[in-house]
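Here the structure comes first, spelled out in structure tokens, and everything after it is commentary.
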Amino acid sequence: MTGFILRRLGESLLAVWGVVTIVFFVTRVLGDPAALLLPIGASPADIAQLRSQLGLDQPLIVQYGQFLLHAVQGDFGMSFQHSRPAMQVVLERLPATALLAFTAIAFGLIIGGIAGSVAALKRGRAIELVVMAVALLGQATPVFWLGIMLILFFGVNMGWLPTGGYGSWQNLVLPAFTLAVFVSASIARLLRSSMLEILKEDYIRTAKAKGLLRSTVFFWHVARNALIPVVTMTAILTGELLGGSVVTETVFSWPGIGRLIIQAIEAKDFPVIQAGITLIATIFVLINFLVDLLYGILDPRIRARR
Amino acid sequence: MKHFFRDLCRSKAGLFGAVLLAIIVLLALFAPLLHLPDPTRGDLRARLAGPTWSGLFSPGAHPLGTDEVGRDILSRLIHGSRMTLMVASTAVVLGGIVGTFLGILAGYKGGLVDRILMRLVDIQLAIPLMLLALLVVAALGPSITNVVLVLALTSWIRYARIIRAQVLSLREREFVQSARAIGASTLRIMFLHILPNVLTPALVVGTLELARVIIMDAALSFLGLGVQPPTPSWGRMLADGRVYLSSAWWTVTFPGLAIVLTVLSVNLFGDWLRDYFDPKTRSAK
């Protein structure tokens with residue numbers, strides 16, 4: 001197990017390094033920060049001076065080395081827009097993104113879990129058809145359009161909820177619900193097919209035959225095993241949502257990381273782009289690392305194989 | 001082929017998806033022949049006109065209403081579908097070619113090549129696809145070619161992973177072993193013996209990817225980084241219509257519905273296609 005943990009840790013670090021490298025070189029293509037920072041009409045001498053100040057006159061490989069050295073310490077330089085350390089600007093937005101992501105995941109898991117189980121257990125009934133049709137629609141609906149439609153109905157027409165912003169629980173309802181629809185649709189479909197697979201297994205028939213309570217069979221034998229693929233899916237979705245549900249945050253003017261990075265891309269605020277994407281990738285890699293460890297606990301077969 | 005259609009007709013969901021998709025594709029293909037109003041020319045006297053169904057076939061009718069400069073929404077939707085379908089399918093095919101090739105390479109060669117490619121996949125998976133797409137489009141500039149390239153870039157990994165897994169088991173099969181025994185070159189085995197056997201899974205991945213890529217393309221246009229005006233695009237129509245949300249609901253409702261219907265039809269057809277080629281999952285459906 002220790003060998004496995006170490007190997008996965010190495011792979012995780014490698015992935016983060018890869019992301020940092022890609023982000024560094026892609027942002028360099030975006031344009032010359034020195035020309036952007038100075039007012040229009042600045043003399044070439046001014047630009048040259050700022051370039052050397054920012055280290056932009058060094059060979060690219062030297063700049064890359066410098067960048068890596070600072071990145072390891074969480075230092076991505078000063079934000080051009082905010083004139084504060086870029087990582088600090090990004091970290092300030094993390095709570096808003098995390099709040100939205102976890103609320104959406106929690107509701108998505110509850111709704112999707114119940115819907116998926118019902119669909120699997122009531123196989124062939126009308127309720128299965130309804131659940132699956134709604135889930136399919138949910139997966140086909142772009143989140144930004146669903147968000148706009150919810151704003152139109154609950155915000156504009158009914159006036160029950162705010163159309164955007166941040167601060168109170170009312171602000172959270174619509175964006176969280178928008179994302180929860182997407183999450184629960186994926187979870188419901190996955191859980192259903194995973195449960196149907198397991199309901200066919202011999203050990204379920206044995207469990208029923210020896211007269212166990214239906215609830216015992218469901219929770220102890222079916223649900224526990226059917227949850228394994230759901231855990232993977234949840235990890236991926238959590239990563240995606242923590243990565244800033246870019247469009248949802250934009251639609252609802254939610255001050256999260258996704259919206260911050262979009263604004264930074266528009267303003268060519270390189271330090272914030274680099275810090276933001278690095279942070280997101282690190283969180284994503286970390287979650288996947290933890291999930292892999294969790295597998296060992298959930299599924300003894302995997303533990304044995306390693 | 002006969003069996004294919006018989007099976008399709010037996011699945012209600014698959015048939016519904018296939019028919020809907022066929023209608024959407026036909027409308028897109030024959031849009032210039034439909035005598036629709038010019039999708040890029042507005043009529044300022046008819047700004048933000050609501051949907052009207054009276055006098056449907058008269059020249060000035062706008063069955064789905066008009067947008068903020070008086071352009072006919074139905075016409076823009078149909079013309080927009082041409083761009084969406086072209087961009088999405090090119091991206092999926094491009095991603096499919098690259099992903100399938102790399103998947104075969106990684107699966108068949110194994111060793112260092114495999115390890116490097118799989119680490120690359122890991123790295124790319126660690127960046128949310130939307131952010132990666134935004135960053136690259138911002139770096140290269142929003143043009144049709146760049147949007148296609150970016151969407152293909154987000155797509156290749158899914159092919160590569162699934163094809164690689166297939167190849168790992170194909171590699172040990174007798175026909176590959178015997179090809180190797182009689183001295184066939186690696187390239188010959190990869191293209192003549194393995195490739196034909198992974199085309200089916202690649203097709204299934206491609207169909208399901210098409211749905212994802214259509215949504216992503218719409219999201220990019222929505223954020224202003226997709227196909228540039230005046231070419232009509234669904235995402236852009238949504239973004240423009242948002243401003244008039246309280247007064248003109250039709251400007252955002254219909255483009256969204258167009259996306260939902262298209263994605264739904266592709267998904268339904270793709271799900272059926274997967275089950276058709278893989279009878280093992282059919283029982284679980």
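The values are calculated or read from the model by the stated rules, or taken from the named source; none is laboratory data. The shown structure was predicted, so the numbers you read here are calculated from the model rather than taken from an experiment. When we count neighbours, we look across all protein chains shown, and the Cβ atoms used for this are built from the backbone with ideal geometry, even at glycine. Side chains are part of the model used for accessible areas, which takes the heavy atoms of the whole protein and leaves out ligands, DNA and RNA. Shrake-Rupley method; radii C 1.70, N 1.55, O 1.52, S 1.80 Å.
Per-structure values
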quantity	calculated
Residue ID - nearest to A:ILE287 (Cα to Cα), chosen from residues in the range A:196-232 that are open to solvent by 10 Å² or more (accessible area, probe 1.4 Å) and within 14 Å of chain B (Cβ to nearest Cβ)	A:THR232
Residue tally, condition assigned to a loop (DSSP other than H, G, I, E, B) and more than 7 Å from chain A (Cβ to nearest Cβ), over the range B:244-268	3
Conditions (1) among the charged types (D, E, K, R); (2) away from chain B (no Cβ under 14 Å); (3) in contact with a Phe, Trp or Tyr (Cβ under 9 Å, 6 or more places away or on another chain): number failed by A:GLU240	(2)
Long-range neighbours under 6 Å by Cβ, at least six apart or interchain, first residue closer than 16 Å to B:LEU105 by Cβ within the range B:176-188, second part of a helix (DSSP H, G or I)	B:VAL176/B:HIS193
Any hit, the range A:161-169, residues being over 22 Å from A:LEU242 (Cβ atoms), assigned to a helix (DSSP H, G or I), over 16 Å from the mean Cα position of the chain (by Cα) and among the hydrophobic types (A, V, I, L, M, F, W, C)	no
Whichever residue in the range B:217-273 is among the aromatic types (Phe, Trp, Tyr) and more than 27 Å from A:ALA264 (Cα to Cα) and, among such residues, is surrounded by the most Cβ atoms within 10 Å (Cβ to Cβ)	B:PHE269
Enumeration of residues in the range B:105-135 that are touching a residue at least 24 places away in the same chain (Cβ under 8 Å), within 23 Å of the chain's Cα centre (by Cα) and open to solvent by less than 10 Å² (accessible area, probe 1.4 Å)	B:VAL121, B:ALA133, B:LEU134
Conditions (1) without any contact (Cβ under 8 Å) to a residue 40 or more places away in the chain; (2) out of contact with any helix residue (DSSP H, G or I) (no Cβ under 7 Å at 6 or more places or on another chain); (3) open to solvent by less than 30 Å² (accessible area, probe 1.4 Å): number failed by A:ALA96	(1)
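To keep it simple, each residue is scored yes or no on (1) in contact with an Asp or Glu (Cβ under 9 Å, 6 or more places away or on another chain); (2) assigned to a helix (DSSP H, G or I); (3) not hydroxyl-bearing (Ser, Thr, Tyr).
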{"site": "B:GLY183", "(1), (2), (3)": "no, no, yes"}
{"site": "B:MET190", "(1), (2), (3)": "no, yes, yes"}
{"site": "B:LEU203", "(1), (2), (3)": "no, yes, yes"}
{"site": "B:GLY206", "(1), (2), (3)": "no, yes, yes"}
{"site": "B:ALA211", "(1), (2), (3)": "no, yes, yes"}
{"site": "B:MET216", "(1), (2), (3)": "no, yes, yes"}
{"site": "B:VAL227", "(1), (2), (3)": "yes, no, yes"}
